[in-house]
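Asks: A single structure is presented below for examination.
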Amino acid sequence: MAAQFFDWFRPMQSDISGMSPGAPTARYRALFYVFDGGSGIGHLRRLARIAAAMQDRFSCLIITGHDVGPQWIVAQGCEYIRLPAWDSLIPAKAAYWGRTPFLDVPLSEAVELRRSILEGVFKGFRPDVLLVDHLPLGAHEELAPIIRNGDCRKYLITRGVQNETEDLQRLVLGGAALDSLRDNYTRILSAIDKRIFDFSASYGLPAEIAQKISSTGYVAPPVAPEHRAQTRAARGIGEDALWVVASAGGGQWGEPLMEACLALTDLDRTVHFDIILGPRSRLPRPANNPELLDGGRIRVHTSCSSLADFHSAADLVITTGGYNSLLETLQGQARILCLPYRKDPGDEPVRHANCLKQHVDLQVDTDISRLPAMFEAAIRECRTGPARDQRRAISMDGADGIAQIVFNDVSSAKGL
């Protein structure tokens, strides 16, 4: 029976190559493939924001292994398909949480499972455009048949700064991945302000690849002028009080920083804290979410649907340095302490934060033991007023820019 199921669900390559994009009656169709092989949920947040910007003119379908999207990340009006996650298919990843894998199969069979589902979704949905996040062929080349044979326009969305300590030549900048960028992708959209980091100039890409790259600006949520006061009032924090928001993004590997932030709460009892462990954290979960400590001055959350609001309304943000956490904070006036769990200068969170600090009030350190001194110095600065830097000059409208680029391309191809 199992063999029959997989035979039925596995479209042949010839089926994909013969597919034509569906002629839309009102909107085009956009399929988003979101990377879920990392430690957090930042890739999903970024592409969900792009989908939200596109959905007036596209029917947007997101497919990924993340299990937190439909609840509070994906905008209403977008649809969502959850794949069996790499965390539940790869034993080493499942072991992080003390779990057994969903299937006891070799990696090649796990990849084939996801590949078959992806091809089935592609065949049924018939997208006009495919937007792929981070890796051109996916973490294990599960996208390769669709990228090579699927009949639609294809776009790679990258945050620009890469994790240079990983196998970039295999995953992005060489071999089959680079061939796919040259031969199969319409554009490469770098979701960063080019003045902060120039993806095209930083990695020695061939000219035929570099000419496909457009820097769109960061993908950040828009914030209304009255947002800060409204968020603080809802949290019960006055304009004269100091509010610290500490978050580890998705939570995986951020547990040491969150434990260190809990210890900070005794250093100054006039400061309010919200500490968000992250939905992928291994720390013990609070019985109530949020858990209230010290009369509510301290709140500990497993996850928080209002985290973007908190980041942009706080006075000080302590973070592991994820793309979305930094950008959400820059929408407000908070100072930032960034302590990435990855320590190498070539790792994306460290390199990106070091690029960004040239323009904003941001301190970067990879030694958590220095956090108490950093915190006390930052609180002294907060008492003098909000951060004064160049954040307002940074381009943050990448989602709208990407939506317009893709729409223009499809409309032009259709002769409209």
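The values are calculated or read from the model by the stated rules, or taken from the named source; none is laboratory data. Because the structure is a prediction, the values reported are computed rather than measured. So basically every Cβ, Gly included, is an ideal-geometry build from the backbone, and we count neighbours across all protein chains shown. Calculation scope for accessible area: heavy atoms of the full protein, side chains included, ligands and nucleic acids excluded. Shrake-Rupley method; radii C 1.70, N 1.55, O 1.52, S 1.80 Å.
Asks: Only one of Asp294, Asp315 is open to solvent by less than 40 Å² (accessible area, probe 1.4 Å) and either within 17 Å of the chain's Cα centre (by Cα) or of a type in the set (Asp, Glu) (or both). Can you tell me which?
Replies: From the options Asp294, Asp315, the qualifying one is Asp315.
Asks: Follow-up. Considering only the stretch 153-172, how many residues are open to solvent by 20 Å² or more (accessible area, probe 1.4 Å) and either in contact with a Cys (Cβ under 9 Å, 6 or more places away or on another chain) or not basic (Lys, Arg) (or both)?
Replies: Going through the stretch 153-172 one residue at a time, the tally reaches 7.
Asks: Restricting to the stretch 209-218, what's the tally of residues that are in contact with a strand residue (DSSP E or B) (Cβ under 7 Å, 6 or more places away or on another chain) and in a loop (DSSP other than H, G, I, E, B)?
Replies: Within the stretch 209-218, residues that are in contact with a strand residue (DSSP E or B) (Cβ under 7 Å, 6 or more places away or on another chain) and in a loop (DSSP other than H, G, I, E, B) number 3.
Asks: What are the residues in the stretch 252-288 that are under 21 Å from Leu326 (Cβ atoms), of a type outside the set (A, V, I, L, M, F, W, C) and open to solvent by 10 Å² or more (accessible area, probe 1.4 Å), if any?
Replies: Scanning the stretch 252-288 gives Gln252, Glu255, Pro256, Pro279, Arg280.
Asks: Also, I was wondering about something else. Just the residues that are open to solvent by 40 Å² or more (accessible area, probe 1.4 Å) and either polar (S, T, N, Q) or assigned to a helix (DSSP H, G or I) (or both), please, taken from the stretch 229-251.
Replies: Ala229, Gln230, Ala233, Ala234
Asks: Restricting to the stretch 56-79, name every residue that is of a type outside the set (S, T, N, Q) and open to solvent by 40 Å² or more (accessible area, probe 1.4 Å).
Replies: The answer is Asp56, Arg57, Asp67, Pro70, Trp72, Gly77, Glu79.
Asks: Can you confirm whether Thr165 is modelled with pLDDT of 95 or more and at negative phi?
Replies: Criteria not met by Thr165.
Asks: Now, a different point. Within the stretch 333-349, work out how many residues are open to solvent by less than 10 Å² (accessible area, probe 1.4 Å) and at pLDDT 95 or above.
Replies: Final tally of qualifying residues: 5.
Asks: Restricting to the stretch 16-45, name every residue that is outside any loop (DSSP other than H, G, I, E, B) and at pLDDT below 95.
Replies: Residues satisfying the conditions are Ile16, Ser17, Gly42, His43, Leu44, Arg45.
Asks: Hey, another quick one. Would you mention how many residues in the stretch 173-182 are free of Cβ contacts under 8 Å to residues at least 12 places away in the same chain and within 15 Å of Asp151 (Cα to Cα)?
Replies: Adding up the residues that qualify gives 0.
Asks: Moving on. Find all pairs meeting these conditions: Cβ atoms under 8 angstrom apart; at least six residues apart or on different chains; first residue within the stretch 118-141 and on the phi > 0 side of the Ramachandran plot and modelled with pLDDT of 95 or more; second residue part of a strand (DSSP E or B) and not acidic (Asp, Glu).
Replies: Arg126/Arg29
Asks: If you don't mind, there's one more thing I want to ask. What is the residue count in the stretch 305-316 for residues that are closer than 16 Å to Gly40 by Cβ and modelled with pLDDT of 95 or more?
Replies: 1
Asks: Let me ask something else. When the stretch 154-163 is examined, which residues are found to be touching a Phe, Trp or Tyr at 6+ places or on another chain (Cβ under 6 Å) and not in a strand (DSSP E or B)?
Replies: Scanning the stretch 154-163 gives Arg159, Gly160, Val161.
Asks: Take Asp151 and tell me if it is touching a residue at least 12 places away in the same chain (Cβ under 8 Å), more than 25 Å from the chain's Cα centre (by Cα) and in a loop (DSSP other than H, G, I, E, B).
Replies: Yes, satisfied.
Asks: Follow-up. Do we have any residue at all in the stretch 385-401 that's open to solvent by 60 Å² or more (accessible area, probe 1.4 Å), in contact with a helix residue (DSSP H, G or I) (Cβ under 7 Å, 6 or more places away or on another chain) and not in a strand (DSSP E or B)?
Replies: yes
Residues checked against (1) more than 21 Å from Lys123 (Cα to Cα); (2) aromatic (Phe, Trp, Tyr); (3) modelled with pLDDT of 90 or more:
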| site | (1), (2), (3) |
| --- | --- |
| Ala2 | yes, no, no |
| Pro11 | no, no, no |
| Ser59 | no, no, yes |
| Asp87 | yes, no, no |
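Asks: Restricting attention to the stretch 175-208, which residues are open to solvent by less than 20 Å² (accessible area, probe 1.4 Å), outside any loop (DSSP other than H, G, I, E, B) and touching a strand residue (DSSP E or B) at 6+ places or on another chain (Cβ under 7 Å)?
Replies: Once the filter is applied, which keeps residues that are open to solvent by less than 20 Å² (accessible area, probe 1.4 Å), outside any loop (DSSP other than H, G, I, E, B) and touching a strand residue (DSSP E or B) at 6+ places or on another chain (Cβ under 7 Å), the stretch 175-208 yields Leu181, Ile188, Leu189, Ser190, Phe199.
Asks: Could you please find all residues in the stretch 108-139 being of a type outside the set (Lys, Arg), surrounded by fewer than 20 Cβ atoms within 10 Å (Cβ to Cβ) and not in a helix (DSSP H, G or I)?
Replies: Answer for the stretch 108-139, where residues must be of a type outside the set (Lys, Arg), surrounded by fewer than 20 Cβ atoms within 10 Å (Cβ to Cβ) and not in a helix (DSSP H, G or I): just Ala139.
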